[in-house]
């Protein structure tokens, strides 16, 4: 079984390489060791492909469970160069998608996954405390808001369903508290859960890498996988441009790259951008707005706006669902400043007039692996008995990747537990249309959503056809917040 060649991002030490703000800031502050490249022939018990949250959590959990395991991780670029080092840093759960979980997996499993996703928030915080990872973890909750009349009541159904099972962490806040927590008078209503927060995504991924190394994991960077040969009953052979790695078992954790890398995953995800900006530090202004906390805030549109403050007084604001990649390709613009910066600035001015003249420190974007259901899926690669995979976080991976590590480590260890029995381990639960229909359809739906939500912002009735097209996107849930 061979992996097709992938377009590779330039190494971080290339002078012209663009780096998202979180990624660059983390490497400046954490000063990780120089990259070690895989050269020559090596062997291990478990090889992990992908140096983001999922790969690192899996490596750490494997070593915690069985310290004697020889675990090696290969990354095509630097640790965290993918989504893990460039997301918005919103630490969220699956509780807002309980109804979809219930439809997919049944009531009992849906409740377990909601509770596990909330537990993951506190587990990540506690892990960082235990291992002295200064990732700016602030478990200050999440606020889902309405910024126009059409968004009002969007959380009532799921809140009622969770409350009926005594499993709801959400509560409706008085409008004064909503606007104070959001830092904006543009909010019309809001619901709050304490089981959420924010984190510096770059510092978290580098902290995980440090701990993995301390536990004995070997990490190879600038070592893209060019081929994978895994005949049944034999060790797998991973090839890179400068070396080979033989492993009894393999974990594939390359997320948005998976659809292009293995034919069986073509159509399982759509690669979509999330675009972000971050201001220069203005702590006094944020204090006046009440944004001195680490809560994650978003509105209730399909392609959501999401924002949060940083400990040094910056505001990060993002918006999902802008660029759809044809054929799941890694577009060059995913490694450039956001071309949607004017729209992001317009939203910043609308929600926070006091920040209208604040300088923007940076803008960036990145690829999100959006699945049909809006949830990740895990399983064993077809034609193999020792290669496992997990991806499709759909823009909410900071917290759920902790669950991904539990799932993949359990699969590798051959355990019989709630994670290996979960419906999440049965592979993809749906496919997007083939190209070019997927890309054409995504453009039609995206543009319909843009028109619909622009009219709703003006409190106008959207066109019927746009409403029907928008429903096609709602099956995959709301856009990126983490």
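Quick notes on this structure:
- There is no residue in the range 147-156 that is over 17 Å from the mean Cα position of the chain (by Cα), closer than 30 Å to residue 36 by Cβ, in a loop (DSSP other than H, G, I, E, B) and not assigned by TED's automatic domain parsing to the domain that holds residue 405.
- Residue count for the range 1-31, restricted to those that are surrounded by fewer than 18 Cβ atoms within 10 Å (Cβ to Cβ) and either modelled with pLDDT of 95 or more or not in a loop (DSSP other than H, G, I, E, B) (or both): 2.
The rows are residues; the columns are (1) within 19 Å of the chain's Cα centre (by Cα); (2) in the same structural domain as residue 76 (by TED's automatic domain parsing); (3) crowded, with 22+ Cβ neighbours inside 10 Å.
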| site | (1), (2), (3) |
| --- | --- |
| 336 | yes, no, no |
| 345 | no, no, no |
| 361 | no, no, no |
| 378 | yes, yes, yes |
| 399 | yes, yes, yes |
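- Only one entry in 349, 301 is under 23 Å from residue 152 (Cα atoms) and assigned to a helix (DSSP H, G or I), namely 349.
- Residue match in the range 69-86 (condition: in a helix (DSSP H, G or I) and farther than 25 Å from residue 367 by Cβ): no
- Among the residues of the range 445-462, those that are assigned to a helix (DSSP H, G or I) and exposed (fewer than 13 other Cβ atoms within 10 Å of the Cβ) comprise 447, 454.
- Filter pass, residue 217 being assigned by TED's automatic domain parsing to the domain that holds residue 45 and in contact with a helix residue (DSSP H, G or I) (Cβ under 7 Å, 6 or more places away or on another chain): yes
- Members of the range 128-152 that are closer than 26 Å to residue 113 by Cα and free of Cβ contacts under 8 Å to residues at least 24 places away in the same chain: 129, 130
- Test: residue in the range 114-124 that is in contact with a strand residue (DSSP E or B) (Cβ under 6 Å, 6 or more places away or on another chain), farther than 25 Å from residue 17 by Cβ and outside the structural domain of residue 226 (by TED's automatic domain parsing): yes
- Within the range 410-430, tally of residues that are out of contact with any helix residue (DSSP H, G or I) (no Cβ under 8 Å at 6 or more places or on another chain), assigned to a loop (DSSP other than H, G, I, E, B) and modelled with pLDDT of 95 or more: 6
- Test: residue in the range 238-248 that is touching a helix residue (DSSP H, G or I) at 6+ places or on another chain (Cβ under 8 Å) and in contact (Cβ under 8 Å) with a residue 24 or more places away in the chain: no
- Verdict on residue 404 being touching a strand residue (DSSP E or B) at 6+ places or on another chain (Cβ under 8 Å) and either in contact (Cβ under 8 Å) with a residue 60 or more places away in the chain or assigned by TED's automatic domain parsing to the domain that holds residue 450 (or both): yes
- Every test in (1) out of contact with any strand residue (DSSP E or B) (no Cβ under 7 Å at 6 or more places or on another chain); (2) crowded, with 24+ Cβ neighbours inside 10 Å; (3) assigned to a loop (DSSP other than H, G, I, E, B) is passed by residue 383 save one, and that test is (2).
- Residue in the range 65-75 that is free of Cβ contacts under 8 Å to residues at least 12 places away in the same chain and either in the same structural domain as residue 220 (by TED's automatic domain parsing) or closer than 21 Å to residue 211 by Cα (or both) present: yes
- Residue in the range 82-96 that is on the phi > 0 side of the Ramachandran plot and without any contact (Cβ under 8 Å) to a residue 24 or more places away in the chain present: no
- Highlighted here are the strands (runs of 3 or more DSSP E) found entirely within the range 172-290 that include at least 3 residues which are under 26 Å from the mean Cα position of the chain (by Cα) and modelled with pLDDT under 95: 269-279.
- Exactly one residue among 188, 173, 149 is touching a strand residue (DSSP E or B) at 6+ places or on another chain (Cβ under 7 Å), within 22 Å of residue 459 (Cβ to Cβ) and surrounded by fewer than 20 Cβ atoms within 10 Å (Cβ to Cβ), and that residue is 188.
The values are calculated or read from the model by the stated rules, or taken from the named source; none is laboratory data. Not measured: the values here are computed from a predicted model. We place every Cβ from the backbone using ideal geometry, glycine too, and count neighbours over all the protein chains shown.
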